[in-house]
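Report on the following structure.
Bear in mind these aren't lab numbers, they're just calculated from the coordinates by the rules spelled out. Here the structure is a predicted model, which means the values were calculated and not measured. In this analysis, Cβ positions are derived from the backbone assuming ideal geometry, glycine residues included, and neighbour counts consider all displayed protein chains.
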Amino acid sequence: MTKDLSHIPDVEYNTDRPDLAIPEYGRNVHRMVEHCMTIEDREKRNAVAQSIIDVIGNLNPHLRDTPDFKHKLWDHLFIMSDFKLDVDSPYPIPTAETFAGRPEQLEYPARTYKMRHYGHIVRQLITEAEGKEGEEQKELIRQIANQMKRSYLTWNKDTVDDAIILQELKVLSQGKLDIEGIELSNELVLPSSTTASSSSSKNRRKKKSRTKRKK
């Protein structure tokens, strides 16, 4: 008897998904561009476009001093939109004919010295994850990403988009780890909170000790 499988949703494989215009930026950034293109209000669309420029710029801090860095980022933004994004750019808006071949790529840094706040442990875990496979690797990647998010929030004392953390993980792993489908936790306990709590407990114990001595 043939089972009815109509209730099972179709599984989307990477091979079924459209190719990325610039794979180095990952699918999350390309989705940001797609979302930007759906915004009807021009002022809001411009603001989102600038946010995307900031994100992809943060993914390549080692190239900030290279000539025409910002210009290249804007070119990449239009390339990812298949030259259909209608926003105000500080540079001439390129067309498909502008690029005869592939766009100039922003290479992964040989040394990710700008991400020292993630520490050596994260780098060791990344190396370990590269040797894993399947669900075991995916779970380890998720744990690494959450640790990176925790470290980022401790270092910057601010909110952070999960897409930035995942892209920085991709940079740190030199693109060897598949971050597709990884979801980060929104309920992270920061180390600073634990430290503060521990420090407060020690102070209370000291005060009690002094009070006993006086008696």
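Here are the numbers:
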quantity	calculated
Contour minus Cα-Cα distance for Thr159 and Thr95 (0.36 nm per residue)	19.5 nm
Overall form of the range 36-76 per C-alpha gyration tensor (a/c, 1.5; a/b vs b/c)	prolate
Overall dimensions of the range 16-98 by Cα: Rg and Dmax, Å	12.4, 38
Packing-based ranking, highest mean first, of 75-88, 164-177, 120-133 given that Cβ atoms within 10 Å are counted	164-177, 75-88, 120-133
5 Å binning of all Cα-Cα separations within the range 113-187, expressed as whole percents from 0 upward	3, 16, 32, 27, 15, 5, 1
